[in-house]
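One structure, as structure tokens, below. Some questions next.
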Amino acid sequence: MSRIDPVGPGDAVRARVPAALAAYAETRATVLESGLVDRALKDLCARYLAEDDDVVAHAGDPERFDERERAALDWKHAIAWNSDAADAALWERLHAHFTEPELVELGYAIAFELGQQHWLGTLGLPPR
């Protein structure tokens with residue numbers, strides 16, 4: 001007999017409005033967990049947004065993260081905390097490593113994750 005995994009606390013709240021749970025499940029399945037950009041890179045950005053000390057402390061370290069990852073982390077920082085950091089130099093780096101469709105997906109994933117983490121925080125729930 002197989003076990004059924006319990007839903008997380010965020011999904012338990014979303015389930016109070018079935019359409020909200022369905023919309024979140026669609027975004028999670030098509031953007032956060034799959035899509036054009038590697039899931040590991042989207043997860044790395046989500047970990048930075050959640051202020052994971054291991055990621056935040058080494059975000060600019062070329063020994064730890066390659067240029068593509070560092071560009072994504074810098075853009076994540078610009079989206080979340082300082083839009084002025086999205087200057088011409090950052091856009092040049094981003095376009096060197098990502099196609100426009102990848103940038104749309106990554107930007108959406110970062111913005112969506114940022115909103116989810118803030119919303120869950122207001123409910124006293126963990127970021128993920």
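Quick note: the coordinates plus some simple rules give every number you see, no bench work behind them. Predicted model, so just to flag it, every value in this text is computed and none were measured. Note that we place each Cβ from the backbone using ideal geometry, even for glycine, and neighbour counts take in every protein chain shown.
Ranked highest first by average number of other Cβ atoms within 10 Å, how do 108-117, 17-26 line up?
108-117, 17-26
For the chain, return all DSSP H helices satisfying: extent of Cα atoms along own axis at least 20 Å; mean Kyte-Doolittle hydropathy at least -0.5.
Membrane-span-like by this criterion, though nothing is claimed about a membrane: 100-122.
Follow-up. In deg cm²/dmol, rounded to 500, what helix-only [θ] at 222 nm does the chain give when every DSSP H run of at least 4 residues adds -39500 (n - 2.57) and the total is split over its residues?
Helix contribution divided over all residues of the chain: -19000 deg cm²/dmol.
Let me ask something else about it. Taking every Cα atom in segment 12-122, find the radius of gyration and the maximum pairwise distance Dmax, and write them in Å.
14.5, 45
Counting other C-beta atoms within 10 Å, which of Val37, Val7 has the fewest, and how do the rest follow?
Val7, Val37
Of the listed peptides 71-78, 43-50, what is their order by residue-averaged count of other C-beta atoms within 10 Å, with the highest listed first?
In decreasing order of mean packing, 71-78, 43-50 become 71-78, 43-50.
Given labels modelled 7 Å from the Cα in the Cβ direction, how far is it in nm from His95 to Leu125?
It works out to 3.9 nm between the two label points.
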